[in-house]
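Peer 1: Please find one structure pasted underneath; my questions will follow.
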Amino acid sequence: MNIFRKRAWCPRQKGASRMSSFRRLACIAMAVANTSLFILHSSLLASCQADGIVNRRYACHFVFSYEQHSTSLLFAAARNPGSYVYVTMTGDGKTTARHVYVTSNDGKTPREDNIIATDKENYTTYQLGASNSIGIFIGLTNFNGLWAYDRQCPNCGGSQALDFTGNRQQVGCGKCHRTYDLETGSIVSGTDGDALMRYFCSFDGTLLRAWN
């Protein structure tokens, strides 16, 4: 009887052990799958949040070559936190020469004039947000990386351009008298309204880009 019991009992123990192993493997697989889904969801959420703060009201497409303009104030602004410039353009590069003008927030350096002379640069389509003549701000924030903002007042529209004011890391509108902070784009003085229109911006050591 003792031998019979052992022979009858042992297969059930092995089967139970196999079931337990299968369950453990299933639990591990589910945990891995859930972790992967969580990571994917977090990545998509972060991407959507970043995309959500970029303005789509106006097209923005700007490319500036370090090889052609290595001494430009633009690259100093892209590398030094708290340093900002605004960029404007004239000409189409076909019937008239294209110029990229850069104005620093230091209040001292004269406006910089960069002539776009190469065919490669002139074949590029440039659109500085609301208006090439009003332009965009570009700078490296202290905590939020490199960004570009439309220079047109988001609450007045038209041809109302913003200018550096206060500590020169803020910009103000002479019409509605709102003041905006270039670190976050938010209103820091004046009545409530829309924040600055923001665009993506990057510098990889070769090209500086602003886009949406």
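The values are calculated or read from the model by the stated rules, or taken from the named source; none is laboratory data. Since the model is a prediction, treat every value here as computed from it, not as a measurement. Note that each Cβ is placed from the backbone with ideal geometry, even for glycine, and that neighbours are counted across all protein chains shown. These accessible areas exclude ligands, DNA and RNA; they are computed on the full protein's heavy atoms, side chains included. Shrake-Rupley method; radii C 1.70, N 1.55, O 1.52, S 1.80 Å.
Peer 1: Kindly establish whether ARG111 is surrounded by 14 or more Cβ atoms within 10 Å (Cβ to Cβ), more than 16 Å from LEU207 (Cα to Cα) and among the basic types (Lys, Arg). Outline the logic, then answer.
Peer 2: Numbers: surrounded by 14 or more Cβ atoms within 10 Å (Cβ to Cβ): no; more than 16 Å from LEU207 (Cα to Cα): yes; among the basic types (Lys, Arg): yes.
Judged against the criteria, ARG111 is not a match.
Peer 1: Based on this model, can you work out whether ALA50 counts as open to solvent by less than 90 Å² (accessible area, probe 1.4 Å), within 25 Å of TRP147 (Cα to Cα), at pLDDT 95 or above and part of a helix (DSSP H, G or I)?
Peer 2: no
Peer 1: Just checking, does the stretch 29-41 include any residue being open to solvent by 70 Å² or more (accessible area, probe 1.4 Å) and either at pLDDT 95 or above or part of a loop (DSSP other than H, G, I, E, B) (or both)?
Peer 2: Taking every residue of the stretch 29-41 in turn, none turns out to be open to solvent by 70 Å² or more (accessible area, probe 1.4 Å) and either at pLDDT 95 or above or part of a loop (DSSP other than H, G, I, E, B) (or both).
Peer 1: If you don't mind, another one. Looking at the stretch 54-87 only, could you name the residues that are assigned to a strand (DSSP E or B) and crowded, with 17+ Cβ neighbours inside 10 Å?
Peer 2: Residues satisfying the conditions are CYS60, PHE62, PHE64, SER65, TYR84, VAL85, TYR86, VAL87.
Peer 1: Give the stretch 52-77 a look and list any residue that's over 20 Å from GLU121 (Cα atoms) and aliphatic (A, V, I, L, M), or say none.
Peer 2: Across the stretch 52-77, the qualifying residues are ILE53, VAL54, ALA76, ALA77.
Peer 1: Among THR90, THR95, which is open to solvent by 40 Å² or more (accessible area, probe 1.4 Å), farther than 16 Å from LEU208 by Cα and at pLDDT below 95?
Peer 2: On inspection, the qualifying residue turns out to be THR95.
Peer 1: Another one. Give, as residue ranges, the strands (runs of 3 or more DSSP E) completely inside the stretch 129-190 that count at least 3 residues that are within 22 Å of PHE75 (Cβ to Cβ) and open to solvent by less than 30 Å² (accessible area, probe 1.4 Å).
Peer 2: Ranges flagged: 136-140, 146-150.
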